[in-house]
1. Within region A:390-406, identify whether any single residue is surrounded by fewer than 23 Cβ atoms within 10 Å (Cβ to Cβ), in a strand (DSSP E or B) and within 9 Å of chain B (Cβ to nearest Cβ), and answer yes or no.
2. Looking only at residues that are more than 7 Å from chain A (Cβ to nearest Cβ) and farther than 13 Å from A:His195 by Cβ in region B:188-199, which one is surrounded by the fewest Cβ atoms within 10 Å (Cβ to Cβ)?
3. For region B:17-49, which residues satisfy the criterion of being of a type in the set (Gly, Ala, Ser) and under 25 Å from the mean Cα position of the chain (by Cα)?
4. In this structure, does A:Phe64 turn out to be in contact with a helix residue (DSSP H, G or I) (Cβ under 7 Å, 6 or more places away or on another chain), within 23 Å of A:Phe329 (Cα to Cα) and touching a residue at least 60 places away in the same chain (Cβ under 8 Å)?
5. Test A:Val158 against the stated conditions and say whether it is buried (at least 22 other Cβ atoms within 10 Å of the Cβ), within 20 Å of A:Leu298 (Cβ to Cβ) and either of a type in the set (Val, Ile, Thr) or within 14 Å of another protein chain (Cβ to nearest Cβ) (or both).
6. I need every pair where a residue in region A:332-344 that is at the interface with chain B (Cβ under 7 Å from one of its Cβ atoms) and over 15 Å from B:Gly114 (Cβ atoms) has its Cβ under 8 Å from the Cβ of a residue that is assigned to a loop (DSSP other than H, G, I, E, B) and of a type in the set (Phe, Trp, Tyr), sequence separation at least 6 or different chains.
7. Go through region B:56-95 residue by residue and tally those that are farther than 23 Å from B:Ala23 by Cβ, assigned to a helix (DSSP H, G or I) and either of a type in the set (Asp, Glu) or at pLDDT below 90 (or both).
8. Suppose we filter region A:353-367 for residues that are more than 7 Å from chain B (Cβ to nearest Cβ), without any contact (Cβ under 8 Å) to a residue 40 or more places away in the chain, closer than 21 Å to A:Phe59 by Cβ and part of a loop (DSSP other than H, G, I, E, B); how many remain?
Amino acid sequence: MATDPRGAGRVSTWLAAPVDGAGLGALRVFVGLVGLWQSVRFVARGWVETQWLEPSFHFTWAGFDWVRPLPGGWMFALVALQGLAALSLALGYRSRLSAAVFGALFTYGDLIDKALYLNHHYLLSLLALLLAVTPSGAAFSLDARRRGERLVGRGVYVLLRAQVACVYVFAGLAKLNADWLLHGEPLRLWLQVHHDLPVVGSLLDTQAAALLMSWAGMLHDLFIVPLLLWPRTRRVALLAAICFHTAIWLLFPIGVFSLVMLAAITICLAPSWPRRWLRGAAGPRAPLPATPLGRTVLTLGAAWIALQVVLPLRHLAYPGEVNWTEEGFRFAWRVMLVEKAGHVDFTVEAASPPARVRVMDTPDLTPLQRTMMATQPDMIVDYAHHLAATWRERGYTGVRVTADAWVSLNGRPARRLLDPQADLAAASRGLASNAAILPPDANVNDVHTSGQ
Amino acid sequence: MRLGPKIDYWPARPVAIDAVLAADGPITAGALGAPAKGFSAVEYLLWGRGGDTVAALAAEPRRCEYLGVVIADLGAQVRALAAVWDPTGGDFLGELTEAGERPTRYPTLQAAFGEVVNRVGYLIENIRTNKLGKPLGVVSGGGPQPDGVESPFSGRSLADLRANLVGVRRVLLGDGAEELGLDGYLRRRGRYLAPLVTARLDAAEAALDALGATGLTLAQAVQTEPAPVQALLDRLGELQRAVQVDVIGALALTVGFNDADAD
């Protein structure tokens, strides 16, 4: 099929049209400040030790097994450098370089262990990367003070808005399920925690409140970006987003999640929005001529957006319900969707010399690692590989590892997660579906647990 | 403060205790390592030789002196433990019950609650792994290890297990009072897990009864009649699953990244 070069040219010219870089600058400042805050929290809360240095075993990512924590003080130095880069990003000093350094170090920290995966950490990494490849220092930066403020191509906003839209839209689509919309789970479970709050506690501890908040959350996620982009609904949408994220921050233990999201949505406001708040911060008066974007830039931008669409949809290529199997769960904006608890025992058998042991405790794992592993099949496989490797190092051959794994999803009774006969030491750590995962109705606790 | 090993270090190390008995110098609690004092040392000093314990003590003044030192130290450690919990002392009780209302080590009552329930799960795991699995040989894979049972000299291993289960039952189901215990809280939240937890506890206790009915001590059973020990291990596994999966899942008490990060 022939393409329309004139159409492509028009798109390219439209994307290259110069617009105010103030909104981009504000996003850069916010991302830098959140990154700085998170760096400080990592040190202040002792996470450098407890999450990186103390564990003797890490759940590494397939293909990134070489990513390991640096020894001792070097991890602190790395976090300090990460914090400095975040500060530099916020100030706009060598903005793109700062974004690249912060993004690389922050991503490195998260790559060390799967147990540390958080959606808002992933988003911070993506935003840092995008700020590194866009003229993020065009406004409100030391760079701009040195070189003068510049306009930026409209395409920069399109790219970043598409990224933010992916987050919200896929988060909203993921909420279109019976648990969320019909049962109000897992919000019902989480809201019950606040039953003892004065005045609102009794309200929060109701099915109606859980359903109301579930539907509100779903609608918020699905429509907040278009409502922010449309000037006529922008004010109301912004107010709704602030209320929504503040409520989440107050009610649930989500750390800087709300801050990251509130920072991200500012890119959906009018490009010059910060100037309303900063008197005298007039933008550059002489717009640059609009040079159409090159094919390479267009292709890269389109590929990035396509990737961000495909990744959250990849779970469709796996059998089973993603909230149960977790195959395709990460990097897909499936935010606050599940409450899981799990328990897993391993059995290790060797053919030669003949041996069989049960692994009922895992002292080499932190409480977080144990908890994360118990509900996530790929991490159970990772640990099975670790056990098998340990036994092979001790001279055993023909090593098999099986798991007796049970999980509760959104308050339901425990169900068996994996085929207890499957040899997990032989299971792939790659992208292939894990055939050992059982459907959630395969094996249920046999004692009545609901109703009274 | 790590009072646990000072009070109940086990398995006992007779070698460490015998070394103290064989020495000449004065016996002071401060000079004794954890393996040479606490409940295990008291048990070994009283029952370790078998036969007529009182006569043995009368015949061995140093053994008697050692016992006095260890019991006095044990009393001091237990009082220290009580003081840690006492509202007029360390008030760890308040750390749990007033979490969220004032600065404590737990930022919210939910976090404190989660700690208690998770500890019940860890207790059951400890019973399975250390009190049964290791002596039975299923953890190490090297055959039975009867010396690894708890309270081997007094033959109280099964009684210790029963005491553990009594504690688990009281925390989970209360002590017969309607609203005490975890079950009362669960019921008020509309999560009625008592049938499951009760069934699992009953099954574990029945397995313990069956083991006791063999007339063997645990140390003997792991060597000569392992099947009822294995059955108890399995029932405890089901109980642990009920606590760590069903109960924790129903109350959203899962341990997070920390007290303030998840999504």
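The values are calculated or read from the model by the stated rules, or taken from the named source; none is laboratory data. This is a predicted model, so every value here is computed, not measured. As a convention, Cβ positions derive from the backbone with ideal geometry for all residues, glycine included, and neighbour counts pool all protein chains shown.
1. Within region A:390-406, one or more residues are surrounded by fewer than 23 Cβ atoms within 10 Å (Cβ to Cβ), in a strand (DSSP E or B) and within 9 Å of chain B (Cβ to nearest Cβ).
2. Applying the filter and picking the extreme gives B:Thr198.
3. Step one: of region B:17-49, the residues of a type in the set (Gly, Ala, Ser) are B:19, B:22-23, B:25, B:29-31, B:33-34, B:36, B:38, B:40-41, B:48.
If the condition is that a residue be of a type in the set (Gly, Ala, Ser) and under 25 Å from the mean Cα position of the chain (by Cα), then B:Ala29, B:Gly30, B:Gly33, B:Ala34, B:Ala36, B:Gly38, B:Ser40, B:Ala41, B:Gly48 are the ones that fit.
4. On the way: in contact with a helix residue (DSSP H, G or I) (Cβ under 7 Å, 6 or more places away or on another chain): yes; within 23 Å of A:Phe329 (Cα to Cα): yes; touching a residue at least 60 places away in the same chain (Cβ under 8 Å): no.
Judged against the criteria, A:Phe64 is not a match.
5. Numbers: buried (at least 22 other Cβ atoms within 10 Å of the Cβ): no; within 20 Å of A:Leu298 (Cβ to Cβ): yes; either of a type in the set (Val, Ile, Thr) or within 14 Å of another protein chain (Cβ to nearest Cβ) (or both): yes.
The answer is no for A:Val158.
6. A:Met336/A:Phe252
7. From region B:56-95, those farther than 23 Å from B:Ala23 by Cβ are B:75, B:78-95; that's our starting set.
Now drop any that are not assigned to a helix (DSSP H, G or I), which leaves B:75, B:78-85, B:92-95.
Now narrow it down to the ones that are either of a type in the set (Asp, Glu) or at pLDDT below 90 (or both): B:95.
Result for region B:56-95: 1.
8. Going residue by residue through region A:353-367, those that are more than 7 Å from chain B (Cβ to nearest Cβ) are A:353-354, A:359, A:362-366.
If we keep only those that are without any contact (Cβ under 8 Å) to a residue 40 or more places away in the chain as well, we get A:354, A:359, A:362-363.
Among the residues that remain, those that are also closer than 21 Å to A:Phe59 by Cβ are: A:359, A:362-363.
Then keep just the ones that are part of a loop (DSSP other than H, G, I, E, B); that gives A:362-363.
Qualifying residue count for the region: 2.
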